[in-house]
Each structure stands twice: as structure tokens, then as C-alpha cells.
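Enquirer: Pasting a structure below so you can have a look.
FYI, it's all coordinate maths here, none of it is from the lab. Computed from a prediction, not measured in an experiment: that's the story for all the values here. Every residue, glycine among them, receives a Cβ derived from its backbone with ideal geometry; neighbour counts consider all protein chains shown.
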Amino acid sequence: MRVFRGRVGTIDADREASGRLLEVAAEGEPAVRVWTPHRQVAFGRRDSRLEGYDRAREAAREREFPPIERSVGGRAVAYDGETTLAFARAEPIADFRRGTDERYERLTAAVANALEELGVGLERGEPDDSFCPGAHSLSTPSVTGLRKIAGIAQRVRQDAALVSGILVVDGREELARVLEEVYGALEVPFDPESVGSMAAAGGPSDPERIARTLENELTGDREREVVELSR
């Protein structure tokens, strides 16, 4: 299994590096990446069709979160550039019409196992009006109810599939503020209290430690070939 580590110097170059996972998988070898993306708000394609999209992009810029549009996932997500992780696993497929649910389940279980190993209590599912709502989310309980810390999406091609997601390690307040502005501009329901983090749930706040634990779960007992991405 190919394991990519590190972050490339620009947002565009870093996105291209993630695209390499699908190319590797299309050639027959699974690939994994867990990293800290650049500071940004990544909009989904559904967002780009809304009347408030341009206002939402400007709201992100005003908070110094460069806006980008991603090809996978639903609604907007935010990365602070320091404590928000992304994770992805690509694998070859023989039939793009099969296996979607199984891939979701394998990745969701791997992420849950890693976080529970790090001492974070989890529930599957998410609170109402959370960021990038979807069926494959992980949340932590709080005195005000569930708070979402991880969301998962999937991209499928003819020859490979990429299951990926976001994990909020720390800095939930800043992420909640920018997402409140962005979702408000889009006129999409959003509750800033729905944003959680591992640190707020009593877990570790070291992104590198968490990344390595999650990487171990995503690779399992497969032999690894580590590729260090240059900045």
C-alpha cells in the first residue's frame, strides 16, 4: 500500500497530490493519505449552484479562508491550516456500480477505531444543521447535544474509488465562526454549536499524533511504501 505523507506548498498543488491516490489505485495498488490541508473553505458542487455562492466565497475570504471548490462531498467544510486533518483511502475497483456502502463502512469503522483508541467517545450520526451534512458522520456527545467532528464522502471512477473526509482536532470556535458566515450567505441552515473537536471532547490535540494513529488504522497490516511529499 502506498502511503503519502506531508503537504505540498500551495492549495492547488496539494489537491493535485491527493489526486495521485486515485491514479495509484487505478494501477492496482491501494493508497492512503492523512494530512493537514492548507487553510481554506472547500465548497461542494451543490453550493456553487446557489444564489448566495459568490457572497459565501467573499465571506470566507474576509475571514482569511481562501475559497476553493472540490469535486467530492456536499456542503462547505473549513480547514484552519493547523489543526484540521483530512484523510483519504483509494482502492482499485472492478465494477463502479458495486461496493459503495462497503467502502463507506470500512472507512467509517477505521476512523472510529482510531479515535476511540485515542480516548474519544463517539456516536455515529450528526446533530441537526451541521456542516456538510451526510449519512456518514462521527460526533461526540456534549452537554448541549451531539457535536460533529468527522464527515466522510466518496468519489468513484470506472477503475478506482476514493473515500475521504475531514476530522476537526481543535479550533472549533474559529471554524464555527467562518462556517456560520458561509452558510448564512448560502442560506443553508447551520448551527455553530454543532461543530465539535477532539480536543473539546477530551481527546488529544496533537494533529501529528492523531494522523499517525489514523494512518495505521487505514493501512491495517498491509506492507507500506511511504512517499514523502515535498513542500
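Enquirer: Calculate the dipole size of the chain relative to its Cα centre from +1 charges on Lys and Arg beta carbons and -1 charges on Asp and Glu beta carbons; express the result in debye to the nearest 20.
Expert: In debye, rounded to 20, the chain gives about 460.
Enquirer: If each residue's Cβ is checked for other Cβ atoms within 10 Å, how do 100, 83, 108, 10 rank with the fewest at the top?
Expert: Working: 100 14, 83 22, 108 19, 10 11.
Ranked by crowding around the Cβ, least crowded first: 10, 100, 108, 83.
Enquirer: Could you tell me which of rounded, prolate or oblate describes the stretch 36-125, using a ≥ b ≥ c as the square roots of the eigenvalues of the alpha-carbon gyration tensor, with rounded for a/c under 1.5 and, failing that, prolate when a/b is larger than b/c and oblate otherwise?
Expert: oblate
Enquirer: Eigenvalues of the Cα gyration tensor times 5, then square-rooted: what semi-axes does that give for the stretch 37-218, in whole angstrom, largest first?
Expert: Working: eigenvalues 115, 91, 41 Å².
Working from the Cα gyration tensor, I get semi-axes of 24, 21, 14 Å.
Enquirer: With +1 on each Lys and Arg Cβ and -1 on each Asp and Glu Cβ, and nothing else charged, work out how big the dipole of the stretch 17-89 is about its Cα centre, in Debye to the nearest 20.
Expert: Values: 13 positive and 12 negative charges, 38 e Å.
Using only the charged Cβ atoms, the result is roughly 180 debye.
Enquirer: Same structure, new question: Could you give me D for the stretch 158-231, from Stokes-Einstein at 25 °C and 0.890 mPa s, where the hydrodynamic radius is the Kirkwood radius over C-alpha pairs? Units µm² s⁻¹, please. Working shown, then result.
Expert: Numbers: Rh = 15.4 Å.
Calculated translational D: 160 µm²/s.
Enquirer: Over the stretch 6-85, what lengths in whole Å, largest first, do the semi-axes of the equivalent ellipsoid take, defined as the square roots of 5 times the eigenvalues of the alpha-carbon gyration tensor? Don't skip to the answer; put the middle values down first.
Expert: Working: eigenvalues 127, 49, 17 Å².
Result for the stretch 6-85: semi-axes of 25, 16, 9 Å.
Enquirer: Mind checking the angle between helix 53-62 and the chain's longest principal axis? C-alpha axes, 0 to 90 degrees, to the nearest 10.
Expert: 90
Enquirer: Roughly speaking, what is the stretch gain from residue 98 to residue 187, that is 0.36 nm per residue apart minus the C-alpha to C-alpha distance, in nm to one decimal? Could you put the intermediate results ahead of the total?
Expert: Values: separation 89, 0.36 × 89 = 32.04 nm, distance 3.50 nm.
Here the answer is 28.5 nm.
Enquirer: To the nearest 10 degrees, how steeply does helix 207-219 sit against the main Cα axis of the chain, on a 0 to 90 scale?
Expert: 40
Enquirer: Continuing with the same structure: In whole angstrom, note down how far apart the Cα centers of the stretch 1-51 and the stretch 178-231 are.
Expert: Between the Cα centre of the stretch 1-51 and that of the stretch 178-231, the gap is 14 Å.
Enquirer: Work from the charge dipole of the chain (Cβ charges, +1 for Lys and Arg, -1 for Asp and Glu, about the Cα centre) and give the residue of 115, 71, 194 farthest towards its positive end.
Expert: Toward the positive end, the furthest listed residue is 71.
Enquirer: Can you tell me the orientation of helix 172-186 relative to the chain, as the angle in degrees between its alpha-carbon axis and the longest Cα principal axis, to the nearest 10?
Expert: 70
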